1. What shape does the range 20-171 take by its C-alpha gyration tensor, where a ≥ b ≥ c are the square roots of the eigenvalues and a/c under 1.5 counts as rounded, a/b above b/c as prolate, and the rest as oblate?
2. In a shell of Cβ-Cβ distance under 11 Å around Pro433, excluding Pro433 itself, what net charge do Lys and Arg (+1) and Asp and Glu (-1) give?
3. In whole angstrom, note down how far apart the Cα centers of the range 452-498 and the range 264-297 are.
4. Going by average Cβ neighbours within 10 Å, how do the peptides 241-251, 406-416, 171-181 rank, with the highest at the top?
5. For Ser303, what charge total do you get from the other residues with a beta carbon under 14 Å from its beta carbon, if Lys and Arg give +1 and Asp and Glu give -1?
6. If Lys and Arg each add +1 and Asp and Glu each add -1, what is the summed charge of the other residues whose beta carbon sits under 11 Å from the beta carbon of Pro489?
7. Arrange the following residues from fewest to most other Cβ atoms within 10 Å of their Cβ: Met60, Met441.
8. Ranking request for peptides 118-125, 363-370: highest mean number of other beta-carbon atoms within 10 Å first, then the rest in descending order.
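Rule-based calculations on the coordinates, nothing more; no lab input. Keep in mind the model is a prediction, meaning the values are calculated, not measured. A quick note on method: Cβ atoms are made from the backbone with ideal geometry, for glycine too, and the neighbour counts reach across all protein chains shown.
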Amino acid sequence: MHPVSSDAGRLSSAQRRPSSAAVLSQAASGVVVVVAGAVLVGWALDVASLKGVLPGLVTMKPNTALAFVLSGVSVWLSSGGGPGRTRTAQRRIALACAVVVAVIGLLTLVEYLTGLDLGIDQRLYAESPGAVGTFAPGRMAPTTALNFLMIGLALVLLDARVPRELVALLVLGTGAIGLLSLVGYVYGVTALYGLASYTQMALNTAVMFIVLGVGVISARPDREPIAALFSGTVGGAVLRRLLPAAIGIPLVLGWLVLSGYRAGLYDAVFGLTFFALADIVILAVIIWWHATALHRADAARRSAEDAARNLNVELERRAVELEAANRELEAFSYSVSHDLWAPLRAIQGFSRVLVEDHAARLDAEGHRVLGIVTENTRKMGVLIDDLLGFSRISRQQVEPTTIDMTRLAQTVVAECRQLEPDRDVTVTIDPLPVARGDLPMIRQALTNLVSNAFKFTRPRPDARIEIGGEAGPTETVYLVRDNGVGFDPRHSDQLFKVFQRLHGSTEFEGTGIGLAIVARVAHRHGGRVWADGREGEGATFAFALPHEEGTGDA
């Protein structure tokens with residue numbers, strides 16, 4: 001059972017590992033929470049440098065900082081991957097935070113539209129009248145309130161059954177207003193981050209809206225129209241490479257040109273001309289560079305389609321050869337079942353004639369030799385039957401069905417007890433998970449394992465056999481454990497090969513094909529087999545079946 005636990009642990013770790021988009025979302029939300037939390041600390045301790053970015057600029061209001069903290073928490077929880085109850089609890093807390101954010105934005109807009117003071121602006125910390133860029137003490141800007149209303153609604157509708165474009169538009173609208181305000185600060189245009197005499201949007205507020213928008217978008221990277229940005233397609237690569245350049249380069253160039261103009265280095269016409277030419281040259285170089293890279297990638301992709309086409313042709317040829325080989329195998333099986341059995345039956349018939357009609361004429365040595373002939377003929381018949389069984393397993397079509405493995409195990413054990421009615425064997429059958437597979441094949445595999453356990457526990461006066469099972473994340477394992485003679489673990493890889501035996505035929509009967517049949521059954525179902533044991537300490541044989549229907553080697 002150790003291999004199952006190990007595989008389950010590795011898979012669970014992989015499932016718990018967040019995607020790159022989830023990491024980006026959590027990082028963005030973390031930044032928002034930390035910055036907004038620092039602003040709240042600034043208000044609590046009256047530290048001006050924490051409230052705003054620079055002296056003389058409007059500060060981030062307490063309500064704004066609180067809404068950012070709640071938004072960041074909501075995004076963090078929405079991008080998490082907790083299973084079951086944990087995931088449900090996370091989503092409920094995220095929804096509650098999002099609703100509060102939307103309500104804060106809505107109530108502030110109501111204050112602006114109606115001229116009423118709802119008493120929410122100074123609820124956390126009081127701000128002195130006459131603060132820079134502030135319409136009413138403690139009140140956030142109307143654009144800030146609108147953004148919180150939109151981002152709150154986006155988070156509420158994140159997993160709701162609404163058009164996915166609606167959530168994207170709300171988030172992009174929030175980011176666009178934040179970017180507009182940021183550009184206003186960069187270019188020194190007050191009208192872009194302040195409306196008339198109303199409260200202005202703070203610089204750190206504008207930046208946090210952009211970061212928050214990135215976090216919300218990254219929380220659901222599979223949603224249209226954002227999905228292309230996170231996809232592994234050529235379009236996704238182009239977006240990820242060119243979008244930052246398309247936004248950042250004009251912004252930086254514009255600031256440089258405007259700074260030169262304000263410094264008196266040139267007039268407005270020259271500055272505008274320089275801006276246009278520099279923008280064209282830089283963007284053209286970037287586009288050309290990316291186009292060249294895409295050209296090389298497309299050439300490599302075409303070469304890989306060609307390779308795939310050639311591989312398909314080769315696979316088709318191999319399939320034809322395999323079909324011919326299967327026909328030859330069927331012909332061989334027919335020959336074995338008829339041509340080899342015919343002389344064996346003749347030998348068996350003549351042996352019976354000698355025993356029944358001429359026994360008196362045979363001396364002791366003759367009886368001994370005749371007994372050897374009869375026994376070896378019987379063994380040859382068993383070997384032929386086992387080979388035919390192995391051949392049928394290889395060629396038989398897998399017809400999956402749901403199998404009650406507990407009942408099947410009980411039936412197999414009862415049949416094994418009937419073959420050895422005088423033995424006292426303690427058999428424990430644990431409740432087994434149901435299996436999905438071909439019933440005759442699975443029955444044959446389980447029968448071979450249980451009969452082996454009965455056989456190899458014969459030297460034990462207290463023979464014990466345990467049949468168990470465990471459902472893992474991707475596969476279900478069934479095992480048969482006994483306290484029999486065991487085997488040398490150094491040779492465990494030989495157990496499931498045809499004719500491979502770790503015990504002599506004089507010790508235990510058998511042809512060395514039974515475990516090979518078990519392995520072939522497991523492989524036909526897309527599963528696997530393994531064994532563990534020690535000489536004189538018993539053995540454990542197990543096979544695993546995948547949860548989804550699979551096909552192994554033919």
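1. prolate
2. Numbers: positive: Arg436; negative: Asp404, Asp430, Glu470, Glu475.
Summing Lys and Arg as +1 and Asp and Glu as -1 gives -3.
3. With the range 452-498 and the range 264-297 each reduced to a Cα centre, they are spaced 72 Å.
4. 171-181, 406-416, 241-251
5. So the environment of Ser303 carries a net charge of +1.
6. -3
7. Met441, Met60
8. 118-125, 363-370
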